[in-house]
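Colleague: Handing you a structure now.
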Amino acid sequence: MRIHTPNPLVKTVTFAIVHFTVAFAVGYALTGSVVVGGAIALVEPMANTVAFYLHEKVWARIAEPRARTASGVPIAQAAG
């Protein structure tokens, strides 16, 4: 049975939308400035979005060898 896992890029985009919205709201609430809120909303989530995508890729690599080992196929045989 194959379990469907969402595409990391799709998860990244939806996360970015939420993050942009929250960052703008917090920036605007703290400063009262649409410009400052917008700047915060653009810079901070962009950096976090890239970090999140890379984080997902690292965890996928960590999980891959474990899945191969759990299947009973040694990693060296599975790779070759």
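The values are calculated or read from the model by the stated rules, or taken from the named source; none is laboratory data. Keep in mind that what you see is a predicted model, and the values were worked out from it rather than measured. Please note: Cβ atoms are built from the backbone with ideal geometry, for glycine as well, and neighbour counts cover all protein chains shown. Each accessible area value is taken on the protein alone, full model and side chains, heavy atoms only, with ligands, DNA and RNA left out. Shrake-Rupley method; radii C 1.70, N 1.55, O 1.52, S 1.80 Å.
Colleague: Note down all Cβ pairs under 6 Å where the first residue falls in segment 47-60 and is within 13 Å of Thr14 (Cα to Cα), the second is part of a helix (DSSP H, G or I) and open to solvent by 60 Å² or more (accessible area, probe 1.4 Å), and they're at least six residues apart or on different chains.
Modeller: Pairs found: Phe52/Phe15.
Colleague: Look at Val26 and say whether it is part of a helix (DSSP H, G or I) and open to solvent by 90 Å² or more (accessible area, probe 1.4 Å).
Modeller: On the way: part of a helix (DSSP H, G or I): yes; open to solvent by 90 Å² or more (accessible area, probe 1.4 Å): no.
Considered against the rule, which asks whether it is part of a helix (DSSP H, G or I) and open to solvent by 90 Å² or more (accessible area, probe 1.4 Å), Val26 comes out as no.
Colleague: What number of residues within segment 1-12 are closer than 12 Å to Thr49 by Cβ and open to solvent by 90 Å² or more (accessible area, probe 1.4 Å)?
Modeller: Residues in segment 1-12 being closer than 12 Å to Thr49 by Cβ and open to solvent by 90 Å² or more (accessible area, probe 1.4 Å): 1 in total.
For (1) open to solvent by 80 Å² or more (accessible area, probe 1.4 Å); (2) part of a helix (DSSP H, G or I); (3) in contact with a helix residue (DSSP H, G or I) (Cβ under 6 Å, 6 or more places away or on another chain), each residue gets a yes or a no:
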| position | (1), (2), (3) |
| --- | --- |
| Thr14 | no, yes, no |
| Val18 | yes, yes, no |
| Gly38 | no, yes, no |
| Val43 | yes, yes, no |
| Val50 | yes, yes, no |
| Glu56 | no, yes, yes |
| Trp59 | yes, yes, no |
| Ala63 | no, yes, no |
